[in-house]
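Report on one structure; see the data block that follows.
Values in this text are rule-based calculations from the coordinates and carry no lab data. Here the structure is a predicted model, which means the values were calculated and not measured. Cβ coordinates were reconstructed from backbone atoms using ideal geometry, including for glycine residues, and neighbour counts include every protein chain displayed.
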Amino acid sequence: MCQDGKDLYELIVSRRTVRRFKPRAVPREVLERIVDAGRLAPSAANMQPLAFVVVESREKRERIFPCLKWAAYIAPEGDPRPGQEPAAYVVTLVDTRVRDKMFEYDVGAAMENMILAAMGVGVGSCWLLSVDRDKVRDILSVPAEYRIDCVLALGYPDEEPTAEEMGGSCRYWKDADGRLHVPKRPFSSVVRFA
């Protein structure tokens, strides 16, 4: 069982991206467990090209925050407000000496493992691909042989996004109360049994 007594399937189907967080630190041991789940994800040919930088210091978090773009469909309304920024980031790196192409599958598996491990202990997340990689490289002194792929923002959720069946648009939106609604394609439109 996961947090709140949910089984794994319930955890997966209730997962939503969180972009607003409570001003509460995520303990180091929780961050270690989350990143370890990413480390142990499947890897094509077991090459394991990924490495991770966990950013928890306030100074580095404040410098990384402006390097990220959050919710293009509803910007700037989808950005974390002051006081609702992430408590930590996991910057996912690809060691190009190990693999310089076809690493995207490894990244996807690692990210989903970390997202679910975080959610299982009540930590929300936002997987960010729109990143100023040059600035992040400078801030974290990332060596040239590592490609910065993406960033996972982490923190205790201060919002409760909801999923709904998609009508004509894939664009997520906020209602008058500020709740994020995320359209998802109906099961019957994406699944066929043969």
Problem - Phe187, Phe65 arranged by Cβ crowding within 10 Å, fewest neighbours leading - result: Phe187, Phe65
Exercise for the section: Using only the alpha carbon atoms of the chain, find the Kirkwood hydrodynamic radius as the inverse mean reciprocal pair distance, in angstroms to one decimal. Expected result: 17.7
Problem - Restricting region 1-68 to GluC sites (Glu not before Pro) in coil, as DSSP defines it, with at most 14 other Cβ within 10 Å - result: none
Handout entry: In region 20-91, chymotrypsin sites (Phe, Trp or Tyr not before Pro) in a DSSP loop with at most 12 other beta-carbon atoms within 10 Å
Key = none
Practice task
Please return the longest stretch of the chain lacking exposed loop sites, where trypsin sites (Lys or Arg not before Pro) count only if DSSP places them in a loop and at most 13 other Cβ atoms lie within 10 Å.
Solution key: 25-96
